[in-house]
Amino acid sequence: MTSERRRRIGDAGVTVIARDGIRKLTHRSVDEQSGLPVGSTSYYARTRRQLLALIVDRLAEYTTEDLAGLRLPTVLDAQGGAEVVQVFLHLLASRDDAQAARFGLLFELRHDDELRRALTVGAPVRVPLLLAAESLLKALGITNATSAAPDLVAVVDAVLMYSTSRAAPVDAGAVIRTYLAGLLADDAR
């Protein structure tokens with residue numbers, strides 16, 4: 001995103017979706033949430049689809065910012081790996097509205113291949129995220145770290161979704177530790 005105004009619109013769209021649901025997302029509701037004059041959102045995003053794309057881009061920016069702060073040791077055990085993942089999960093979860101909006105959009109966009117890809121496997125943050133997962137797995141000594149990285153990202157995302165939705169208490173550390181210990185056990189065979 002290039003302008004401060006586009007960022008404000010993206011942030012406001014995230015808030016509207018998280019607070020009111022995807023069906024309440026309108027150009028006017030985003031104008032109101034952002035505090036910008038009526039018509040501002042329409043200037044930057046003429047259609048609902050363009051507004052959704054702007055919000056998807058903003059969500060990717062959040063994750064990119066969170067990933068930039070992640071520091072990975074070069075050698076880890078399952079406990080240490082789980083601790084690193086928990087730090088990242090905490091960063092992601094601290095943007096509660098962003099996660100709620102992202103998960104809502106995953107369902108809303110399931111039939112829109114282009115926007116769904118931009119939110120998932122085609123997101124600009126996807127490659128750095130996979131590389132971080134691969135680095136963590138290599139630090140654990142996993143030999144097939146490259147092929148296991150997408151699964152680790154999926155497990156982390158599932159734990160994040162479960163936590164964000166407040167479906168029930170989840171011990172993220174135990175889930176991640178168990179998953180990593182299982183990978184290590186499989187790798188030892």
When H90, H111, H27 are ordered from fewest to most other Cβ atoms inside 10 Å of their Cβ, what list results? H111, H90, H27
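Taking R0 as 41 Å, what FRET efficiency do you get between T143 and R49 from their Cβ-Cβ distance, rounded to the nearest 0.05? Each step should come with its number before you reach the end.
Values: r = 43 Å, r/R0 = 1.06.
Step by step, r from the Cβ atoms, then E = 0.40.
Ratio of the stretch 1-79's C-alpha Rg to 2.2 N^0.38 Å, to two decimals?
1.38
How large is the translational diffusion coefficient of the chain in µm² per second when you combine the Kirkwood radius over alpha carbon pairs with Stokes-Einstein at 4 °C and 1.567 mPa s?
On the way: Rh = 17.6 Å.
Answer, rounded: 74 µm²/s.
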Can you tell me how much longer the chain between L130 and A168 gets when fully stretched, taken as 0.36 nm per residue apart minus their C-alpha distance, in nm with one decimal? 10.9 nm
If E134, E65 are placed from fewest to most neighbouring beta carbons inside 10 Å, the sequence is E65, E134
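Tell me, what is the FRET efficiency for T178 and E61 to the nearest 0.05, using R0 = 22 angstrom and their Cβ-Cβ distance as r? Show your work: numbers first, answer last.
Values: r = 32 Å, r/R0 = 1.45.
The calculated FRET efficiency here is 0.10.
Taking only the alpha-carbon atoms of the stretch 40-126, what semi-axes of the equivalent ellipsoid follow from 5 times the gyration tensor eigenvalues under a square root, in whole Å, largest first?
Numbers: eigenvalues 183, 34, 25 Å².
Over the Cα atoms of the stretch 40-126, the ellipsoid semi-axes are 30, 13, 11 Å.
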For the chain, calculate the relative contact order in percent as a whole number, restricting contacts to Cα pairs under 8 Å that are 6 or more residues apart. 23
Find how much the distance from E83 to S42 grows on full extension, using 0.36 nm per residue of separation minus their present alpha carbon separation; answer in nm with one decimal. 10.4 nm
Pop a pseudo-label 7 angstrom from the Cα along the beta-carbon direction at both L70 and H90 and give the gap in nm to one decimal. 1.6
In nm, to one decimal, how far is the T120 label point from the D186 one, both placed 7 Å along Cα→Cβ? 2.0
If each part is reduced to its alpha-carbon centroid, the stretch 166-189 and the stretch 77-112 end up apart, in Å, by 16
At 0.36 nm per residue, and after removing the present C-alpha to C-alpha distance, how many nm does the segment from M161 to E32 gain when stretched out fully? 43.6 nm
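Where a number appears in this text, it was derived from the coordinates with a stated rule and is not lab data. Note that the structure is a prediction, hence the values are computed from the model and not measured. Virtual Cβ from ideal backbone geometry, glycine too; neighbours counted across all protein chains shown.
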